[in-house]
Amino acid sequence: MSTAAISLVILLSGGGTVQAETSNPPSIIAALMDCREIGDESARLSCYDHAVARLSDAQAQGDVVVMDREAIQDNERRTFGLGVRLWRPQGERPSPEEIQSIASTLVAARKVGPGGRWLLTLGDGSVWLQIDTASPYITRASGQPVTIRRGAFGSYRMTVGNGVSFSVRRQIVE
């Protein structure tokens, strides 16, 4: 795997938020990169050994998480619709690889609340609630294909089978 396909995600121990510094790497990474500047081979190797040991310890303690591009994309699929943004190697720029839609299958569908909106459970374990007043025809038969696409202004549109799309919001289920 090339080094371009690996990302370092630095977790702040305070609140579980994700920090991304593309111009100024964290000190533990900067120390590793600074070893390149040492001219003496023995001293450079010693510097690398020390810096890698610190990085390894930080990873073992959960202060540094190393994820490859495939793991980042898998996480984006699992958290699609939850408003979670994981740092990407490109920093704050939109990624051309950002997931725009997911496909799954219907596991369960039922109407809830006074408006009779649909609550749908998908094969990937996600649960989605209809938030518009559309009246989509949904058969409750499991196994139907479901597609969810990003809409305008952070919205999401779901299509079940060959039906019409309707607005949904991802539900957090514990």
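The values are calculated or read from the model by the stated rules, or taken from the named source; none is laboratory data. Quick caveat, the model's predicted, so the values are computed rather than measured. Quick reminder, even Gly has a Cβ in these numbers, built from the backbone with ideal geometry, and neighbours come from all protein chains shown. With ligands, DNA and RNA removed, areas are computed over all heavy atoms of the protein, side chains included. Shrake-Rupley method; radii C 1.70, N 1.55, O 1.52, S 1.80 Å.
Take the Cβ atoms of S142 and Q61, set R0 to 45 Å, and the FRET efficiency comes out at 0.60. Take every pair of alpha-carbon atoms less than 8 Å apart whose residues are at least six positions apart; their mean separation over the length of region 104-174 yields a relative contact order of 31 percent.
Under unit Cβ charges (Lys, Arg +1; Asp, Glu -1), what dipole magnitude, rounded to 20 debye, does region 31-173 have relative to its Cα centre? Don't jump to the answer; show the numbers that get you there.
Details: 18 positive and 16 negative charges, 276 e Å.
Rounded to the nearest 20 debye, it is 1320 debye.
Model label sites at R149 and A43, defined 7 Å from Cα along the beta-carbon direction, differ in position by 6.1 nm.
If you roll a 1.4 angstrom probe over the protein chains with everything in place, what fraction of the accessible area of region 110-174 belongs to carbon and sulfur, to the nearest %? Before the final figure, lay out each step's value.
Working: 2020 of 3970 Å².
Reported share for carbon and sulfur atoms: 51 percent.
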